1. At 222 nm, what value in deg cm²/dmol follows for the chain if DSSP H runs of at least 4 each add -39500 (n - 2.57) and the sum is divided by all its residues, to the nearest 500?
2. Round to a whole angstrom and tell me the spacing of the C-alpha centers of the stretch 162-203 and the stretch 1-75.
3. Amide H to amide H under 5 Å from ALA80: which residues, 5+ apart in sequence or cross-chain, H placed 1.01 Å off N in plane?
4. From the mean inverse distance of alpha carbon pairs (Kirkwood) and the Cα radius of gyration, derive Rg over Rh for the stretch 24-113.
5. If you roll a 1.4 Å probe over the chain with all protein chains in place, what percent of the accessible area is carbon or sulfur?
6. Could you please put PHE18, PHE87 in sequence from largest to smallest accessible area, using a 1.4 Å probe?
7. Specify whether the C-alpha gyration tensor of the stretch 124-191 places it in the rounded, prolate or oblate class, a ≥ b ≥ c being the square roots of the eigenvalues: rounded for a/c under 1.5, otherwise prolate if a/b is larger than b/c and oblate if not.
8. Show me, for the stretch 151-162, the HN-Hα J-couplings you get by feeding each phi into the Karplus relation (A = 6.51, B = -1.76, C = 1.60, θ = phi - 60°), rounded to Hz, glycine and proline as x.
Amino acid sequence: IDYTFAVSSRQRDFLAEFAGSGARISVVNQVPESADWATDLSTSKVITRPLKFGFIGGVMPHKGVHILAQAAQNFTSESAEFHIYGFVSKEYLDILKSIDRKGNLIFHGEYSGEDLLPLAMQLDAIILPSVWEDCAPLVIAEALALGLPVIASNIGGFPDFITDGVNGRLYNYKSFRDLADVIADLVVFPSVIEEWRSKTSLN
């Protein structure tokens with residue numbers, strides 16, 4: 001192989017470790033076509049209570065939605081809402097509901113690309129709580145293109161897109177308490193979300 005492209009810095013590190021050298025490996029972050037037509041909503045949305053957080057993607061254990069479910073138990077429905085978009089198996093849904101004793105998770109089921117804009121208009125920020133080395137999920141680029149700040153676990157390719165405290169937050173992927181602390185800060189100081197929105201551009 002003459003040259004290799006990695007979709008995130010973390011993936012490049014893995015490939016370099018395997019190959020013994022990163023000299024012929026470059027990072028090229030992938031951005032889906034949907035990010036091209038996504039409308040930046042950052043200047044048109046008004047933040048109201050409760051704050052509305054969303055998870056978008058496959059609702060699977062390695063995506064860490066159970067971590068989000070645990071963190072959500074620290075909040076009342078008057079302070080924060082947690083909207084879950086995406087396919088989920090019955091087995092995992094049962095686990096999530098058993099964790100979600102307060103009924104704070106709102107499941108919307110599967111979505112299509114055409115749903116992204118109206119979906120984003122209902123949300124203040126995205127939460128991506130992956131517990132695996134997620135290389136570079138396309139939804140993170142879509143969210144930023146839509147003007148939605150991203151709260152993500154500090155793992156995999158997320159740090160390529162999120163600068164902590166600038167266009168979102170990164171937290172310890174093993175700790176639902178760390179995630180809950182980030183959410184709690186925003187509940188007290190929601191204006192921070194507006195500051196992050198102004199810096200969500202992919203350019």
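1. The per-residue figure over the chain is -9500 deg cm²/dmol.
2. Computed from Cα coordinates, the inter-centre distance equals 14 Å.
3. Those qualifying (amide H under 5 Å, at least 5 residues apart or on another chain) are LEU51.
4. 1.05
5. Carbon with sulfur: 53 percent of the solvent-accessible area.
6. Result of the area sort, largest leading: PHE18, PHE87.
7. Working: a/c = 2.07, a/b = 1.15, b/c = 1.80.
Since a/c reaches 1.5 but b/c is at least a/b, the shape of the stretch 124-191 is classed as oblate.
8. Values per residue, Gly and Pro as x: 9, 9, 5, 7, 7, x, x, 4, x, 5, 9, 10 Hz.
The values are calculated or read from the model by the stated rules, or taken from the named source; none is laboratory data. Everything numeric here is computed off the predicted structure, so don't read it as measured data. Note: areas computed on protein heavy atoms with side chains; ligands, DNA, RNA excluded. Shrake-Rupley method; radii C 1.70, N 1.55, O 1.52, S 1.80 Å.
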